[in-house]
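Working notes, beginning with the structure itself.
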Amino acid sequence: MDADILNPLIEVLFHSEGTDTLNGPLKKLFEKLKLLKFVLLAPPTDILLNYLDSSNITPRNPYNGSNAKPLEDLCMNSYDFIASHILLYDSKVIKNDQCVMESINGKTITIKRVTGNGALNNGEMLVITPSKNYNTPKKMLKIIKMDLWHNFNSYLQGMENYPIWYIDYPLYPNIIKNEFLTAFDRKLIETEQYSDIAQPVNDLENTTKDQNHKIRNISKLEPDISQSDRGGFTKLIKDDRVIWQPLINSYRATTKHIEQAEGLPQAIDENQTDVNIEMVRDINCDLFEQLKDEKRYNFLSHDNLMELIYEFIEIKLHDDIWGRISFKFTESDFDFSKLSNISVNKLLLNFYSTNNFKNFKLHDIVMMEKKISRAVTYFQKFINGITFQEKSTALIKTLQILTINKLTDADTLIGLLSIVICRLKVRNLKSHLFYLQNFAADPNTIKFGILGYSISTLEAITYYFDHISHSHKADLIAFCDKLHNLYDTILNNIKSLDNDILSYRSQNGESLLSLCIINNKMDIFLELLTTYEHSFPIEDILDDSDLNGSSLLMQACKYNNYVASEILVTILKNSCNEEELRIFLNKTDKFNRSVAHYFNMKNSILILTEFGNLIDWELKDIKKLTPLLTIFKVHKVNYNESFIKILFRVVLTWYKIHNKPFNLKAHVDQNGNNLLHVMKDYINCLIENPELCETININANNNKGLSPFMVYFKTNRYDNIRIILKNPTLITSEGQLPFLITSTNLYNSKVNHLLATHFLRTLDFAYICLHSLRFNDPSSSTSGTSLAWLVDISILEKESEFPTSHPSICRTKTLKLKTIKSLLHHFIRKYKYSSLPLKSALEFCNDLIKSNNSISWTSNRHFLPLSLLIDKLEIQYNLKLISNCLNFLFITTDFDFTLLFDELKLQAFLKINNKKLKESNSSNKFSHKNNSDQTTELSKAYQPEDINAIQTFIKFNLGELENFKNTITTIKDVSILIKYKIMDLNSSQFFFQKNTLKIGINNLSEILKYYSTQKPLITNAYTSRKFYDYNSYDYKVEFLNKLLENLIFFEKLVCKLYYDFEDLSNGTIKTWWYHYGRLLDYEAQYNKHYPNRKIDINNNFESFNTMFDKRVNFDSITHFERNIILNIKNTSTLLRRFNNKIKFLHENLAIELNNFMNFKNKFIREYIIKFSTIEVIKILKDNIIYMDSIIARFQIATDYMKKN
């Protein structure tokens, strides 16, 4: 989220100039802030607008909507709330990669970095840990974004740009959501939920709601006991150990005989191995009788108490009971481990019988396999359960899963459950059955209803395997042994395979054809299809899929089996009509992926060319990825340009068949990345395709606010950067920030040079760009190399400046920041009266160089030091300031910038010339000198008419500069206002989208339906798939950011020049007139008292002092005359000095004015007019593309409403 005036905290601090605010409850706050440098921590706007202060809410005074203040009111009236979110900028103390800062009300926070999916820089995220005096419920707050607020009010004067850090939660202890602002009843609205794994179908899909209700009432498998009651009983029963422990010991005493005789089963008495069920029931009754009259247990009804006691005793005696039961059935249990890989067809013979062959559909078998796979999971819970309730619940769930609508007869259910038991290699099956038959709390529950039916089914399976014939058992075991060496079995009998082998399906639901594709057994695959064509009809090939829902063609693509793909394509092409092909190709697996989601260059060329126009290219999987997104984002395969061209040609054909334009917004993932974001190479196939480029917005941002261009930069995709920079619709202002600061290990000179070259060629008035500021990595420095700041400087060469053959070649050179500092120092001395903010730039360099010792490096050199990460925006701002200053000097001066390409030569030049300039400046200072020296140095004195002419010149230019300054200031303020209003619009759309998507209002038709009927919305698959990915348009403000930066710089130039002229007019010249007036007074006074020696200042001003020396004998004159003469001499000396100063200032300001006018014309023509117009046109084109997509959505929604 960007800065916006909707945020009440930002609004009250930066956008409130009314007397009510400044003189109201926050008067004390604004008096403190007036000259302070501070950072604002801005909580999310929606929380400040939609949450309440709950500090006044207590159990006796519950929330009723009136006793809780909105947080918005705290932003307007609470000094402590606002002050807690304002940090003193100069209070930073950085130590051990942590930064401590203090708020203006004395609280402290600690800032540290965490790695992960952060929004700030290369996977870094800054988090805030508030001190205890904040008393906030969240112990760690994320800094979501950092921004600079361009200040345009008059009451805050501490900084030009105030840092704003957006945090994810307010620094306030008590807040609750304002439920009165909820627009829709979310409880009544169904929404589709997606996850990374397929959601299972309803376990009770074959049982009606009434039946389920009866089942629960009969079996009592879901006791109506609250967690608090259960917890209270558990706590009390532990304290009553003296009551129940003797009862437990009495049962365990009978177990010792079993343990002692465990190795000699023939010597064990039958009574010793008896489970003694009646004794367990007696223990429960005895404990119940002792506890039911205890007052401590009065909070439980007798039924609940009895149930909890039974469960408690069952758990305590489980090991003893289970040992007796398992020992009892040790010899008679069936060994299922030898049948673990049994196939469905061996136990479900009625499905494969010749009588039912005409009605046989492989689709039913595939569905059954999926049920078996899920049932295995639940039956494992049955085996692991230690209580009757756990086992019975798991058994019922298992049978409900296995129940299939058309195949629900008892024999089928027994066969399915048998397969589950075999695959789990269940041990002690009779013991589990015995436990269910004898340990129900109420014996009647196992005689009726679904539980009774479930136990009977398990009993039938036990009986079946107990009475299975030796021959049939041997056949089953032999068949399973064959399956261990399946391929050898097939190869040895390829001409005479029986139906059991041909219809075999693995535990993963894979047929023989599937196994051949997965294991690349193409010789067997072809032999099966040719020799046993009757066993693999086209219907089975279309329906065949594994437990994940992957068809044969999907498996061929998954495992890059090109031969299998080719064979299957040939079969499908010759055997299926278009509709059958369309259904087959768009069939989805459990991840909602079609065959196209598994395409890559190796396996899909033939499928694309033959069937590409039948594939739904907008189908999204559970991760919201279309086939195109999956191809470029998920599959780690190198693609060539020819494959991508074929792919997009096929996709375009599909869009044409469906009479709609290519829609890039349909191919956007959950993170907002479109095709351009995820393509690693060859984006020219997309953005240079004339049929595609008209509907593609290459400036679209993902959820992190990154355009494709920004993603390419972060991932060093040089070729993509080179291609996208050629596109005329690219909004380049989005890419001018990220390469200004970097870490040494992430520095890519090739990419950064490319970006700098494009930036310089885009702006005709820009010739120099500073970028890639970095601190050389301590781990890479040698003993002879000192640590230093490095910066790259790119210069666009001009034919008149550099001896190159091409007029626009850009060269990049790495310099030390100390060298840039020396260069700025040189310019300050050489152009003493320049209007450039060179001193601010020099101060920034000094501060950064001094920070060397305070930099704390992390173990991961890919990350910036914490100090740089916190001050990143300020550093970027100052780097651009230096670039602008150098551009001004490049245009207006004759400095030899070729020196920058040889650092040693430049340093030698600066050393010599800085020394000369220092000496020259010191000799030209206006100080008292001997008269003889002054006479030779001073030029012709200005007369009043000369000064009047200068004043006229100054007055005219002051008027022009003031008008221009006011115009620039107005443009700047309007641009700032437009920027923040656009952010308001983006925020409003974001809040609307966020709230509507949460409750399932995903499209226009649903919104209209909701407001027309005022009924809960039921979203269906069609509307959700078509409209769930609605994204509000993010209006671009990057262009305005760039415009503001340059307007602010230009405003500084105008203001500096204006104030220099004003200082000359109101300071130096005004002082000259003052001394000239005094000199006239002294002249009149002297001529009045000494008429014989009259003087005329206007005629003798040049040699006034020497005239007195020749005409007057100081030893013979009076003291009065001597004083007058000395006053005249001193005043005339001052006038001479001011003459020289005025001349010097006038000439230098005239030069600076001329330079400014030259720069101004270029700036207005090339930037304000040309560049702004180009950028606005790009943004308008961007808007048109977005509006086209909205119109298309509106049309689809309208058509859908007409049909429904």
* **Formal net charge of residues neighbouring Glu369 (Cβ-Cβ distance under 9 Å; K, R +1; D, E -1)** => +2
* Structure fact -> Listed with the fewest Cβ neighbours within 10 Å leading, Trp789, Trp654 appear as Trp654, Trp789
* Structure fact -> Between Thr893 and His470, the two model label points (7 Å from Cα along the beta-carbon direction) sit apart by a distance in nm of 10.9
* Structure fact -> Label model pair Thr1068, Lys1141: point-to-point distance (7 angstrom along the Cα→beta-carbon line) in nm is 0.8
* Asked: Taking the Cβ-Cβ separation of Leu88 and Asp681 as r and a Förster radius of 41 Å, what is the calculated FRET efficiency to the nearest 0.05?
  -> 0.25
* Asked: Applying 1/(1 + (r/R0)^6) with R0 = 22 Å to the Cβ-Cβ distance of Lys839 and Asn151, what FRET efficiency is obtained, to the nearest 0.05?
  -> 0.60
* To do: Determine the sum of side-chain charges near Glu102: Lys and Arg each +1, Asp and Glu each -1, restricted to other residues whose C-beta is under 14 angstrom from that of Glu102.
  => +3
* Asked: What is the sum of charges around Ser794, taking Lys and Arg as +1, Asp and Glu as -1, for the other residues whose C-beta is under 9 Å from the C-beta of Ser794?
  -> +1
* In a solvent-free Debye calculation with one equal scatterer on each Cα, what is log10 I(q)/I(0) for the range 626-702 at q = 0.20, 0.26 Å⁻¹, listed in the order of the q values? -> -0.90, -1.54
* To do: May I ask you to order 555-561, 826-832 by the average number of other C-beta atoms within 10 Å around their residues, highest value first?
  => 555-561, 826-832
* With a Förster radius of 22 Å, plug the Cβ-Cβ distance of Val1176 and Thr969 into 1/(1 + (r/R0)^6) and report the FRET value to the nearest 0.05. => 0.55
* If each residue's Cβ is checked for other Cβ atoms within 10 Å, how do Arg1136, Arg722 rank with the fewest at the top? -> Arg722, Arg1136
* Structure fact -> Residues Cys769, Cys1055 in order from fewest to most other beta-carbon atoms within 10 Å are Cys1055, Cys769
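Just list whichever of Lys965/Lys1178; Lys142/Lys660; Lys292/Lys447 have alpha carbons separated by over 31 Å in the model shown.
Lys142/Lys660
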* Asked: Can you run phi through the Karplus equation (6.51, -1.76, 1.60; θ = phi - 60°) for the range 1040-1057 and list ³J(HN,Hα) in whole Hz, with x for Gly and Pro?
  -> 5, 4, 5, 4, 5, 4, 6, 5, 5, 4, 5, 4, 5, 4, 4, 5, 4, 5
* Report the label-to-label distance for Asp719 and Val100 in nanometres (one decimal), using points 7 Å from each Cα along the Cα→Cβ vector. => 5.3
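FYI, it's all coordinate maths here, none of it is from the lab. Keep in mind that what you see is a predicted model, and the values were worked out from it rather than measured. Counting neighbours? That spans all protein chains shown, and the Cβs are built from the backbone with ideal geometry, glycine included.
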